[in-house]
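The values are calculated or read from the model by the stated rules, or taken from the named source; none is laboratory data. All of these numbers come straight from a predicted model, not from anything done at the bench. We place every Cβ from the backbone using ideal geometry, glycine too, and count neighbours over all the protein chains shown. All accessible areas refer to the heavy atoms of the entire protein, side chains included, with ligands and DNA or RNA removed. Shrake-Rupley method; radii C 1.70, N 1.55, O 1.52, S 1.80 Å.
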Amino acid sequence: MEIPSKYNPATTEDKWYSYWLEKNYFHSEPDEREPYTIVIPPPNVTGVLHMGHMLNNTLQDVLVRRARMQGKNACWVPGTDHASIATEAKVVNKLKQEDIDKDDLSREEFMRHAWEWKEKHGGIILEQLKKLGASCDWERTRFTMDEALYESVIDTFIDLYEKGLIYRGVRMVNWDPQAQTAVSDEEVIHKELQSKLYYLRYRVEGEEDFLTIATTRPETILGDTAVCVHPEDERFKDFVGKKVIVPLVNRPVPVIADEYVDREFGTGALKITPAHDIHDYEIGIKHHLESIDIFNDDGTLNERAQLYTGKDRFAVREEIVADLKAADNLVKVEDYVNSVGFSERTDAVIEPKLSMQWFLKMKEMARPALEVVEKNEIKFHPAKFKNTYRHWMENVRDWNISRQLWWGQRIPVYYHSNGEFVVAKTAEEALEKARKQFNQPDLQPSDLKQDEDVMDTWFSSWLWPISVFDGIRFPENEEIKYYYPTNDLVTGPDIIFFWVARMVMAGLEYRKEIPFKNVYFTGIVRDKIGRKMSKTLGNSPDPLALIKKHGADGVRVGMLLTAPAGNDLPFDEGLCEQGRNFSNKIWNALRLVKGWEVDASLEAPEHSKLAISWFEDKMGETIAAIEKNFIHYRISDALMATYKLIWDDFCSWYLEMVKPAYQQPIDAFTLEKTLGLFEKLMKILHPFMPFITEEIWHLLRDRDTGDDIIVASMPVAGDFDRKNLKAFERAEQIIIAIRNLRKEKNIAFKEKLKLTVKAGENSNCKFYPVVIKLGNLSDVEIVSERPDGVIVFTVGSQEFYVPLSESVDVVAEIKKIEDELKYTNGFLKSVQKKLSNERFVNNAPATVVKKEQQKQADAEARIKVLEEQLKGLK
């Protein structure tokens with residue numbers, strides 16, 4: 001078969017991906033084999049492929065393909081997350097463009113639009129993953145709003161409510177005025193901002209005296225219901241118990257004392273707005289203060305503010321400062337850096353707000369979930385993230401699980417007009433329950449109204465490893481019992497609590513078992529100068545464009561070469577180019593091997609037999625290292641070991657050793673062995689570079705149907721001869737020294753050289769036949785004395801001699817050796833000085849002293865060799 005001169009990733013990738021799908025290689029059904037299960041961290045249904053997805057899914061695919069080749073029943077479940085806030089925002093925006101207001105639609109009408117949007121855009125990211133080579137079981141694709149998964153969420157809510165773990169209450173929540181919903185603490189991103197600190201004076205009621213406070217949010221004074229000072233602060237002792245007048249609205253409020261106040265902040269007097277600050281809220285409860293909520297859900301001011309009604313909170317900030325100044329209540333303004341919370345989803349500034357919400361008690365569930373990680377039943381890679389996990393779990397707060405949205409799993413709570421409610425799976429079930437519970441047998445469906453809110457998206461995601469196998473609804477089904485617990489989870493440390501911890505809680509609650517055995521935390525993909533990749537910065541390349549340019553295999557290698565677990569990845573497109581060059585290197589090796597003519601009558605030469613024995617041992621050593629790397633989830637190191645084995649050992653050394661002379665045939669034994677080694681290398685490489693390895697696999701030999709590398713057996717580590725590897729290392733050094741000598745002395749490679757070796761304990765080397773071939777030597781002879789008229793070089797302490805060529809400039813050679821001798825003598829003196837210092841020898845670590853002693857010995861040996869070389873030239 002004619003092999004094209006250049007590898008074409010595009011045609012190869014499409015061909016083999018379609019073939020694998022057609023053969024159903026990605027699909028898994030329970031059987032007698034050991035299962036290997038990964039569930040994909042479901043990307044948002046709104047999403048398109050970005051560099052973080054590329055890294056995460058490449059790592060998962062490496063693990064899945066390797067497990068498949070190890071004979072395990074590999075099952076990688078793909079799917080998407082309904083992403084309540086993000087999707088609803090997209091749908092609302094789409095409707096706006098069509099001049100439709102969400103408020104003008106019924107819930108059912110809006111949901112129809114949302115489902116239409118999902119069907120049109122929802123599968124994009126999964127299709128893009130196919131271009132990467134992701135070997136997901138596409139028949140198992142799940143969506144968190146699928147009927148089975150939706151019902152699982154509802155069942156879970158009801159179950160936890162009945163166990164007393166879910167409750168309803170008014171709490172201070174993080175309110176996103178743009179999405180107009182509550183968000184959890186974990187969905188708030190805090191940013192350091194350059195703000196202003198406003199000093200305002202409140203007149204004491206009935207007096208001419210003033211009390212000055214400092215605030216970063218002057219607009220919230222309209223909701224003030226107290227001013228608070230520290231009970232031990234002498235400056236304000238006389239004010240406690242009096243009342244002060246809130247500027248502009250002229251509301252008298254009490255001056256109270258509480259140890260919460262930081263005497264060093266501002267003036268030491270703190271305005272208290274219980275409806276709009278979590279700490280003020282807690283002080284308000286403690287001191288029985290009134291709570292005045294001055295904001296509408298969209299962040300504009302309401303009637304209770306009395307002023308600026310209907311205006312945005314930030315516009316009011318500017319306006320109120322001017323009005324306070326005019327009223328002589330503004331004392332001064334200072335620059336101030338403070339931490340401001342932003343919504344992770346919309347980037348709107350979070351507004352603390354009192355709201356009636358549903359909560360899940362977390363302390364009880366967190367305890368066992370922390371224990372399984374502390375005991376290493378679940379292993380984190382790298383282990384440093386145990387500390388982050390522990391911090392979250394020991395400081396866990398109740399989870400606000402309700403969201404003021406329509407897109408999502410609707411809370412299964414039905415309210416009676418008197419405010420009482422029942423929790424039920426359906427409206428019919430709710431009616432039946434309500435009739436009994438409220439003792440009203442004539443109650444009608446119209447008398448009950450279902451809660452308008454939906455559950456937090458994470459409340460469906462935390463069930464993912466169970467719900468994808470329908471283990472909530474049918475806990476004894478064959479699939480959940482076979483595939484659960486899953487093996488590995490690959491995710492980012494930024495969702496360690498959002499998702500990882502909660503999945504552990506759900507697994508222990510509903511399966512009495514951990515959901516996965518290992519968690520591999522990826523780093524963040526950053527640009528060359530360390531910035532996080534983002535659309536805003538415009539520093540994130542289009543992954544599909546990278547694949548088109550460098551091939552999927554090239555991009556996979558580029559991503560993995562600098563992706564150690566848990567550490568950020570400084571991405572550079574040059575890495576993808578390196579991956580593409582690697583593909584080309586392997587392709588050229590294939591063309592070389594397949595271009596050889598075979599002569600069955602030829603005996604295998606000694607240098608080829610030696611090369612084969614060495615490379616088999618080298619491969620054995622590398623496979624053992626790769627296996628160890630995979631055990632410790634050092635996937636980047638496993639790839640680097642594979643890369644070096646192929647590029648350096650196979651292409652640069654082995655093929656050079658065994659390739660026949662120009663236009664000469666090769667013997668059948670060497671060719672067969674070379675093809676076998678090439679096949680083994682492709683198997684080892686396949687999880688990392690699936691496309692080119694499948695292509696080469698089928699070009700190396702004619703294959704029977706079904707003999708495909710994707711399902712071939714992964715080579716395993718066996719015995720290897722370390723002495724053989726050590727002997728070759730020495731031969732390698734000799735060959736490099738001969739090549740350097742030719743270069744330095746301008747001796748053409750075509751000129752055959754005779755190599756003589758000074759007899760000694762290291763003079764023999766089993767790989768001399770390889771040295772003769774690669775050094776283009778006539779022969780190697782061991783001698784007891786140094787011959788005359790030779791150039792001397794050493795490997796370690798062993799001397800080698802090459803006859804002086806006519807082209808060598810003897811005078812220049814003498815000068816060069818004398819210069820090196822002078823430098824080495826100087827170096828030796830500095831080492832001897834250090835070793836003669838008793839303080840250094842007695843106090844330095846033994847390893848450091850030993851290293852210096854070795855330097856001394858090496859320098860002395862080198863001086864001896866250089867002096868001998870000079871003798872031979874003079």
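Is it true that some residue in segment 591-603 is modelled with pLDDT of 95 or more, under 20 Å from Arg701 (Cα atoms), crowded, with 17+ Cβ neighbours inside 10 Å and among the aliphatic types (A, V, I, L, M)?
Checked against the condition, which is being modelled with pLDDT of 95 or more, under 20 Å from Arg701 (Cα atoms), crowded, with 17+ Cβ neighbours inside 10 Å and among the aliphatic types (A, V, I, L, M), segment 591-603 yields at least one hit.
Hey, does segment 408-415 have a residue that's farther than 22 Å from Trp76 by Cβ, polar (S, T, N, Q) and buried (at least 17 other Cβ atoms within 10 Å of the Cβ)?
Yes, because at least one residue in segment 408-415 is farther than 22 Å from Trp76 by Cβ, polar (S, T, N, Q) and buried (at least 17 other Cβ atoms within 10 Å of the Cβ).
If you check Ser5 against the conditions, is it loosely packed, with under 14 Cβ neighbours inside 10 Å, at pLDDT 95 or above and more than 30 Å from Asn477 (Cα to Cα)?
Details: loosely packed, with under 14 Cβ neighbours inside 10 Å: yes; at pLDDT 95 or above: no; more than 30 Å from Asn477 (Cα to Cα): yes.
Judged against the criteria, Ser5 is not a match.
Criterion first (more than 20 Å from Arg556 (Cα to Cα), out of contact with any helix residue (DSSP H, G or I) (no Cβ under 6 Å at 6 or more places or on another chain) and modelled with pLDDT of 95 or more) does Ile586 satisfy it?
Taking the combined requirement at face value, the residue does not satisfy it.
With respect to Ala552, is the statement that it is closer than 22 Å to Glu186 by Cα, in contact with a helix residue (DSSP H, G or I) (Cβ under 8 Å, 6 or more places away or on another chain) and not polar (S, T, N, Q) true?
no
In segment 389-406, which residues are open to solvent by 10 Å² or more (accessible area, probe 1.4 Å) and aromatic (Phe, Trp, Tyr)?
Trp392, Trp406
Which one of these is small (Gly, Ala, Ser) and open to solvent by 30 Å² or more (accessible area, probe 1.4 Å): Gly47, Gly79, Gly71?
Going through Gly47, Gly79, Gly71 in turn, just one is small (Gly, Ala, Ser) and open to solvent by 30 Å² or more (accessible area, probe 1.4 Å): Gly71.
Listed residues Asp542, Asp553; which is open to solvent by 10 Å² or more (accessible area, probe 1.4 Å) and of a type outside the set (A, V, I, L, M, F, W, C)?
Criteria check complete, one pass: Asp542.
Every residue in segment 492-520 that is under 13 Å from the mean Cα position of the chain (by Cα) and either in a loop (DSSP other than H, G, I, E, B) or modelled with pLDDT of 95 or more (or both), please.
Residues satisfying the conditions are Gly492, Val519, Tyr520.
Looking only at segment 521-537, which residues are among the hydroxyl-bearing types (Ser, Thr, Tyr) and either part of a helix (DSSP H, G or I) or surrounded by 19 or more Cβ atoms within 10 Å (Cβ to Cβ) (or both)?
Across segment 521-537, the qualifying residue is only Thr522.
Could you count how many residues in segment 588-601 are touching a Pro at 6+ places or on another chain (Cβ under 9 Å) and part of a helix (DSSP H, G or I)?
So the count comes out to 1.
In this structure, does Ala737 turn out to be under 25 Å from Gly551 (Cα atoms) and small (Gly, Ala, Ser)?
no
Is it the case that segment 392-407 has a residue that's acidic (Asp, Glu) and assigned to a loop (DSSP other than H, G, I, E, B)? Show your work before the answer.
Going through segment 392-407, the residues acidic (Asp, Glu) turn out to be 394, 398.
Checking the rest, the ones that are also assigned to a loop (DSSP other than H, G, I, E, B) come to 398.
Looking through segment 392-407, at least one residue is acidic (Asp, Glu) and assigned to a loop (DSSP other than H, G, I, E, B).
Is it the case that segment 458-474 has a residue that's more than 30 Å from Arg66 (Cβ to Cβ), over 23 Å from the mean Cα position of the chain (by Cα) and touching a residue at least 24 places away in the same chain (Cβ under 8 Å)?
Within segment 458-474, one or more residues are more than 30 Å from Arg66 (Cβ to Cβ), over 23 Å from the mean Cα position of the chain (by Cα) and touching a residue at least 24 places away in the same chain (Cβ under 8 Å).
Here is a list: Val780, Val808, Val792. Which entry is at pLDDT below 90 and in a strand (DSSP E or B)?
It is Val792.
Can we say Ile666 is under 18 Å from Pro715 (Cα atoms), open to solvent by less than 40 Å² (accessible area, probe 1.4 Å), in contact with a Lys or Arg (Cβ under 8 Å, 6 or more places away or on another chain) and modelled with pLDDT of 95 or more? Working first, answer last.
On the way: under 18 Å from Pro715 (Cα atoms): no; open to solvent by less than 40 Å² (accessible area, probe 1.4 Å): yes; in contact with a Lys or Arg (Cβ under 8 Å, 6 or more places away or on another chain): yes; modelled with pLDDT of 95 or more: yes.
No.
Could you tell me which residue of segment 808-843 is surrounded by the fewest Cβ atoms within 10 Å (Cβ to Cβ), considering only residues that are touching a residue at least 12 places away in the same chain (Cβ under 8 Å) and of a type in the set (A, V, I, L, M)? First the steps, then the outcome.
Taking segment 808-843 and keeping what is touching a residue at least 12 places away in the same chain (Cβ under 8 Å), we get 808, 810, 813-814, 817-818, 820-821, 824-825, 827-828, 831-832, 834-835.
From what is left, the residues that are of a type in the set (A, V, I, L, M) are 808, 810, 814, 817, 821, 828, 831, 835.
Working: Val808: 17, Val810: 12, Ile814: 14, Ile817: 20, Leu821: 17, Leu828: 17, Val831: 19, Leu835: 15.
Among them, the one singled out is Val810.
What is the residue count in segment 753-775 for residues that are open to solvent by 20 Å² or more (accessible area, probe 1.4 Å), over 22 Å from Asp858 (Cα atoms) and not hydroxyl-bearing (Ser, Thr, Tyr)?
Adding up the residues that qualify gives 5.
Among the numbered conditions (1) within 30 Å of Ile278 (Cα to Cα); (2) open to solvent by less than 10 Å² (accessible area, probe 1.4 Å); (3) at pLDDT 95 or above, tell me where Thr144 comes up short.
(1)
Would you confirm whether or not segment 78-98 contains a residue that is under 25 Å from the mean Cα position of the chain (by Cα), touching a residue at least 60 places away in the same chain (Cβ under 8 Å) and under 24 Å from Val557 (Cβ atoms)? Step through it out loud before you land on a result.
Step one: filter segment 78-98 for residues under 25 Å from the mean Cα position of the chain (by Cα), giving 78-87.
From the residues that got through so far, the ones that are touching a residue at least 60 places away in the same chain (Cβ under 8 Å) too are 78-87.
Then drop every residue that is not under 24 Å from Val557 (Cβ atoms), which leaves 78.
Yes, segment 78-98 has at least one match.
For the condition in contact with a Ser or Thr (Cβ under 6 Å, 6 or more places away or on another chain), among the hydrophobic types (A, V, I, L, M, F, W, C), more than 19 Å from Gln180 (Cβ to Cβ) and open to solvent by less than 60 Å² (accessible area, probe 1.4 Å), what is the one hit in Leu324, Leu289, Leu248, Leu270?
Leu289
Would you mind telling me which numbered condition in (1) under 21 Å from Val333 (Cα atoms); (2) of a type in the set (Asp, Glu); (3) touching a residue at least 12 places away in the same chain (Cβ under 8 Å) Asp233 fails?
It is condition (1) that Asp233 fails.
Could you tell me which residue of segment 565-587 is farthest from Gly530 (Cα to Cα), considering only residues that are assigned to a loop (DSSP other than H, G, I, E, B) and open to solvent by 60 Å² or more (accessible area, probe 1.4 Å)?
By that ranking, first place goes to Asn567.
Only one residue in Ala611, Ala604, Ala638 is in contact with a Phe, Trp or Tyr (Cβ under 9 Å, 6 or more places away or on another chain) and not in a helix (DSSP H, G or I). Which one?
Just one listed residue meets the conditions, Ala604.
Would you mind finding the one in Lys384, Lys361 that is more than 21 Å from Gly492 (Cβ to Cβ) and either open to solvent by 30 Å² or more (accessible area, probe 1.4 Å) or not basic (Lys, Arg) (or both)?
Selected residue: Lys361, the only one of Lys384, Lys361 that is more than 21 Å from Gly492 (Cβ to Cβ) and either open to solvent by 30 Å² or more (accessible area, probe 1.4 Å) or not basic (Lys, Arg) (or both).
Could you figure out which of (1) open to solvent by less than 80 Å² (accessible area, probe 1.4 Å); (2) free of Cβ contacts under 8 Å to residues at least 60 places away in the same chain; (3) among the polar types (S, T, N, Q) isn't true of Thr794?
Single failed check for Thr794: (2).
Would you tally the residues in segment 797-806 being more than 12 Å from Leu753 (Cβ to Cβ) and either in contact (Cβ under 8 Å) with a residue 12 or more places away in the chain or open to solvent by less than 20 Å² (accessible area, probe 1.4 Å) (or both)?
Taking segment 797-806 as the starting set, the residues that turn out to be more than 12 Å from Leu753 (Cβ to Cβ) are 797-799, 806.
Still in the running and either in contact (Cβ under 8 Å) with a residue 12 or more places away in the chain or open to solvent by less than 20 Å² (accessible area, probe 1.4 Å) (or both): 797-799.
The total comes to 3.
Can you tell me how many residues in segment 292-319 are in contact with a Phe, Trp or Tyr (Cβ under 7 Å, 6 or more places away or on another chain) and either loosely packed, with under 13 Cβ neighbours inside 10 Å or not basic (Lys, Arg) (or both)?
First, the residues of segment 292-319 that are in contact with a Phe, Trp or Tyr (Cβ under 7 Å, 6 or more places away or on another chain): 301-302, 313, 316, 319.
This time we only want the ones that are either loosely packed, with under 13 Cβ neighbours inside 10 Å or not basic (Lys, Arg) (or both), so: 301-302, 316, 319.
Within segment 292-319, residues that are in contact with a Phe, Trp or Tyr (Cβ under 7 Å, 6 or more places away or on another chain) and either loosely packed, with under 13 Cβ neighbours inside 10 Å or not basic (Lys, Arg) (or both) number 4.
Out of all the residues in segment 117-127, which are open to solvent by less than 30 Å² (accessible area, probe 1.4 Å) and within 18 Å of Val77 (Cβ to Cβ)?
Listed by number, the residues that qualify are Gly122, Ile125, Leu126.
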